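Everything on this sheet refers to the single structure shown next.
The numbers here are math on the coordinates, done by the rules we state, and not lab data. As the structure is a prediction and not an experimental result, all values here were calculated from the model. Using ideal geometry, Cβ is built from the backbone for each residue, glycine included, and neighbour counts are taken over all protein chains shown.
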Ligand code: MG
């Protein structure tokens, strides 16, 4: 018993000594200098913001109200048949079909402004329904949802039939809205399977409504999302075919690596 007690005391002494040594060693080490955690290269590119339009200098202007040069009909790749307005906006020309960019895009930052019809022409999904499609497949819903109830995964700002917006941040009916979208394209493996799903963040009138949401696949009206492999693709604006009267203006995009 006496021997066991002595052994126990000995162990305690050894542990205390070792612990003291470690603490002393730590105290001797040099503290991290601020310089050690600084990164100087490579420097980010310098851009500027236009004082009047607020468009970044590295953006591609897709629509500034002057013409449809960057756009084509989604039906047959002919000239756009939508209405060019004197206030630098364009309006969906009912039943003439969707329009899409001539250029193809992958991951982007997209700015787009839209306005519902001033007149209330219908209810539910037929009231000023349009949409902004990323890569021709993934729709951010445009809808006059003011005093106009509908399913929440199809309301304004929804990733259609997939992601309900965090809040409804609409302007009054007939007033301009903005969408600022950060979209990261999906990646596919050699077999054509999704290796990385696409994600999307949306600000509606400057308010976060989709917070880095994972897109499950194509935004189908009927059926479940599909995930067929694709590369870069156009940005598309929807003609819902119900006399929506939706207008768009000030569309620009920055390609993301
Ligand atoms: Mg729509």
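Structure notes:
- Full-extension gain in nm, residue 77 to residue 230, via 0.36 nm per residue minus C-alpha separation: 53.2 nm
- Here the simple spin-label model places points 7 Å from the Cα toward Cβ, and for residue 153 and residue 50 these points are separated by 3.9 nm.
- By the Cα gyration tensor, segment 131-257 has an equivalent ellipsoid whose semi-axes, rounded to whole angstrom, run 25, 16, 14 from largest to smallest.
- Site pair residue 196 and residue 104 shows an inter-label distance of 1.9 nm when each label is modelled 7 Å from Cα along Cα→Cβ.
- Compactness of segment 93-157 as Cα Rg over 2.2 N^0.38 Å, two decimals: 1.22
- Annotation for residue 164 and residue 257: the two label points, set 7 Å from Cα along the Cα-Cβ direction, are 3.9 nm apart.
- In percent, rounded to a whole number, the relative contact order of the chain is 26, using alpha-carbon pairs under 8 Å and six or more apart.
- Per-pair calculated FRET efficiency, R0 = 22 Å: residue 221 and residue 171 via Cβ, rounded to 0.05: 0.30
- Gyration tensor verdict on the chain (Cα atoms; rounded if a/c is under 1.5, prolate if a/b is larger than b/c, oblate otherwise): prolate
- When each of the peptides 215-221, 190-196, 63-69 is scored by the mean number of other C-beta atoms lying within 10 Å of its residues, the order from highest to lowest reads 215-221, 63-69, 190-196.
- Most mobile listed residue (117, 57, 89) in the chain, GNM with C-alpha springs under 10 Å: 57
- Length released on extending from residue 40 to residue 85, taking residue separation times 0.36 nm less the Cα-Cα span: 11.4 nm
- Of interest is the spacing of the C-alpha centroids, which for segment 110-125 and segment 29-108 amounts to 21 Å.
- The calculated P(r) of segment 52-185, using every Cα pair and 10 Å bins from 0, goes 11, 40, 39, 10, 0 in percent.
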